[in-house]
Every structure is written in C-alpha cells, then in structure tokens.
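Trainee: Quick one: this structure, given as structure tokens, is what I'll be asking you about.
Laboratory data are not the source of any read-out in this text; all were calculated from the coordinates shown. For clarity, every value in this text was computed on a predicted model and none was experimentally measured. Cβ: placed from backbone, ideal geometry, glycine included. Neighbour counts: every protein chain shown.
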Amino acid sequence: MSSDGPGFLATARYGKDKVRVFRTVRGTDGVHTIVEYIVTALLEGALDVSYTQADNSVVVATDSNLAKTSPHVLSPARFAVHLGTHLVSKYVHLTKAVVTVQQLRWARIGVDGAAHPHAFWRDGDEKRIVTAVVDKTADGAVATVEGGLKDLLVLKSTGSAFENFVRDEYTTLVEVNDRIFSTAVDLAYTYAPLAIAGHGDGKELDVKHVATKSGDAWDDDQVATKAREITLKVFATDDSASVQATLYKMGQEILAANPAVMSVQISLPNKHYIPVDMKYIGLDNTTPSKAEVFVPVDAPSGLITASVARA
Ligand SMILES: O=c1[nH]c(=O)c2[nH]c(=O)[nH]c2[nH]1
C-alpha cells in the first residue's frame, strides 16, 4: 500500500485533539477539588512508515489516561509537562510531544457566605491554556511551556479614547475622547525551558525541577493568577489612549511581576459599541459625554496584537 511520488514526508505530527477529562480529588475533610480539561496531545518521532508504508506498528495511542495517576493533575502546566514527558520517555522512537491543556472554569458555589465543599458553577467562558512541548532531541530533554488565557471578556464604560489618528479623504472614523472599550483578552506567555532528567531510553523521564527561580513554568498556577489579576487591573485603571497603549502596559506589567516569563503575546479585539444617532427625535446621544444607548456590534471588530519581550 506504499505510495511513492514526487514528494517526500517533510513534517509529520499525529495524536488526539479535544480529549475531555474531568477529575475529582476527594479531600480527607470532605472538601472536593475538581478540574475540567480539554487536552490535545500530538507526537513527533520516527513515524515516517505510518505515512509512507501504511505501517501502524510505530503508532502509539495518545489518549491513554494519566488523569487517574498523575500527582500533577490539578495543575494544567504540570499535568501537560508530565503527560508529554511520559509519552516521549516511554517510547524510544518518539522525540517530541506537544500537549495543550485548556482548563474550563468551575468556581465553588457560595452558600450563606461560605464556599461549598462540593458544589460548583461555571463562572464564565474564559479558558486557561497551557502548551508544553517536551523535546527529547534537545541537548538534555527540555519542556518549553507557554501559559495563558483566552476569551476573558471585559468592558469599561468610560476611561477610553481614540484621537489623533491619520485622517485622509477616505476616513469616516470620528475622534472620541470618551468611548466604551470592550475586548476578549487572549494572552500567552513563554518561559525559559524546564530541564527534564534522563534521556528517554525507554525509562521514564522526570521533571528535574531545580528551584532556581520561583515562578518558573513549574509554578504556572501562581503566574497565571498574577497575569490575570494584572490584566484586569490594567484594563480597569488605565486611562486608555488606545487599545495598543493599554495592551503594551499589560505586557510590561506582566513581565515586571513575573521574572521567569520571557515574553507575553497579547491579542485584543476591539469590540465596537456604536452610539445610536437620535437626532431625528431631537435627542443628543452622539456627543461622547451624552452617549447612553449603544448598539453592540459583533462584526467587524478591531484586532490589536503584539508581543512584549524581556529586553
Ligand atoms: O484603540 C484603537 N486602536 C485602533 O487602532 C483603532 N482603529 C479604530 O478604528 N479604532 C481604534 N481604536
């Protein structure tokens, strides 16, 4: 069944996407801790024959479930590194695993002011996202980790302007010194690689966590909390001259507060809210200080992206 032609297999990666997993950890005090993940696990290595010769003997299943036994299951970054490390170390012919873990939100329900021990609610569509690339071919195996979040929907009803942009004969956009600013924050930050002990000669590799820097990729839970708090604080408090200027401040503050983060990639759609023109009924709803009724516009939106890297 081999098929030869003018081409060659230039790159290859396979695995499983959208693997859904929910895990409960039952505390001795009756308090349950839960996580819900959507996992993607992709593999690279000596896999050519599975494509070129229809030989499946090199294909390892990637949906094997480590969620029951991993001591790291409650931390998306540690779990991603553990899963990737497990896959590339168990099989000599696999060289690289790319594991993405998206965490869905579950918060404890408050009952009479107290957090309930085992009842939860979905407090938003935002996802925390971690990608770990565990590479056995590197000089000493390493895990390169990216943390972040997406779909954090925010809005402020003032404290945002957009003026002094280029105007030419085609420009219809009006300058405003006061407008609604709404965006769905998407951010990803990268760390220096984590060292992995061992070389994957069939023996299980270990995450060699040398605690030289706290807040490194192994501590992504802390970094993720800080990055989210900073993002929300800068969004709320910045007297925004533009989406670009606010984005840049977010990036700088995330780098300043997290010494192990090397760069931050931020994407901010500018979700427009257009004041309704009510002149025809004799009402001023378009002067920025008088604008109270708006039409939220799904499309088009602005899209402002940048990465801020440590100098
Ligand atoms: O903050 C903004 N940045 C832009 O680049 C832009 N472009 C636009 O039409 N509105 C805005 N707002």
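Trainee: First measure r as the distance between the Cβ atoms of Asp221 and Val293, then evaluate 1/(1 + (r/R0)^6) with R0 = 45 Å and state the FRET efficiency to the nearest 0.05.
Mentor: E(calc), rounded to 0.05, equals 0.60.
Trainee: Still on this structure: Using a 10 Å cut-off on Cβ atoms, rank the peptides 24-36, 261-273, 174-186 from the highest mean neighbour count down.
Mentor: So the peptides 24-36, 261-273, 174-186, ranked by packing, come out 261-273, 174-186, 24-36.
Trainee: Over 30 Å between C-alpha atoms is what I'm after, so list which of Lys96/Lys249; Lys16/Lys150; Lys156/Lys279; Lys127/Lys156; Lys90/Lys226 land there.
Mentor: Lys96/Lys249; Lys90/Lys226
Trainee: Determine the relative contact order of the chain: mean sequence separation of Cα pairs under 8 Å and six or more apart, normalised by residue count, in whole percent.
Mentor: Details: 654 pairs, mean separation 40.9, N = 311.
Relative contact order here is 13 percent.
Trainee: Please find the FRET efficiency linking Leu9 to Leu66, where r is the Cβ-Cβ separation and R0 is fixed at 25 Å, and quote it to the nearest 0.05.
Mentor: Calculated transfer efficiency: 0.30.
Trainee: Right, here's the next one. Between Trp106 and Asn177, take the C-beta separation as r, use R0 = 41 Å, and let me know the FRET efficiency to the nearest 0.05.
Mentor: Plugging the Cβ-Cβ distance into 1/(1 + (r/R0)^6) gives 0.50.
Trainee: Determine, for each peptide in 82-88, 230-236, 280-286, the mean count of other beta carbons within 10 angstrom over its residues, then list the peptides with the highest first.
Mentor: Descending mean neighbour count gives 82-88, 230-236, 280-286.
Trainee: Roughly what angle does helix 220-237 make with the longest principal axis of the chain, taking Cα atoms, 0 to 90 degrees, to the nearest 10?
Mentor: It works out to around 10 degrees.
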